[in-house]
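Notes follow the structure.
Here, each number is a calculation from the coordinates, and none is a lab measurement. Everything numeric in this text was worked out from a predicted model, so none of it was measured. Neighbour counts are summed over all protein chains in view; Cβ atoms, including those assigned to glycine, are modelled from backbone coordinates with ideal geometry.
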Amino acid sequence: MKRLDDHAVGRLVRRLAERPPGEFHFPEIYGAGWDDLYVGDKVRLGRDFLTMVRAGRLPGVEDTGRKRAGGRIYRWRGR
């Protein structure tokens, strides 16, 4: 099963830095390959991301506590 290792986290941080501030769904920053993942892997990666956000490991990212279009909405405040 896929997990968010240090390499993947670094990629997510770089992708976030390229974005303007605003709301997003996790698959938007995961990028290419998201649609090719098994459902279980998507769930695990999404849970890992939420845990990291709540733990403050991704400065500038907030969990809005809302869901839309089948996914949790996050807010990127920018750097």
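So if I check each of 20, 59, which one is in contact (Cβ under 8 Å) with a residue 24 or more places away in the chain, out of contact with any Asp or Glu (no Cβ under 6 Å at 6 or more places or on another chain) and surrounded by fewer than 15 Cβ atoms within 10 Å (Cβ to Cβ)? Unique residue meeting the criteria: 20. Comparison of 8, 32 shows that the only residue that is small (Gly, Ala, Ser) and not in a helix (DSSP H, G or I) is 32. Of everything in the range 35-64, what is in contact with a helix residue (DSSP H, G or I) (Cβ under 8 Å, 6 or more places away or on another chain), closer than 20 Å to residue 77 by Cβ and in a loop (DSSP other than H, G, I, E, B)? Give them in sequence order. Within the range 35-64, 57, 58, 60 meet the criteria.
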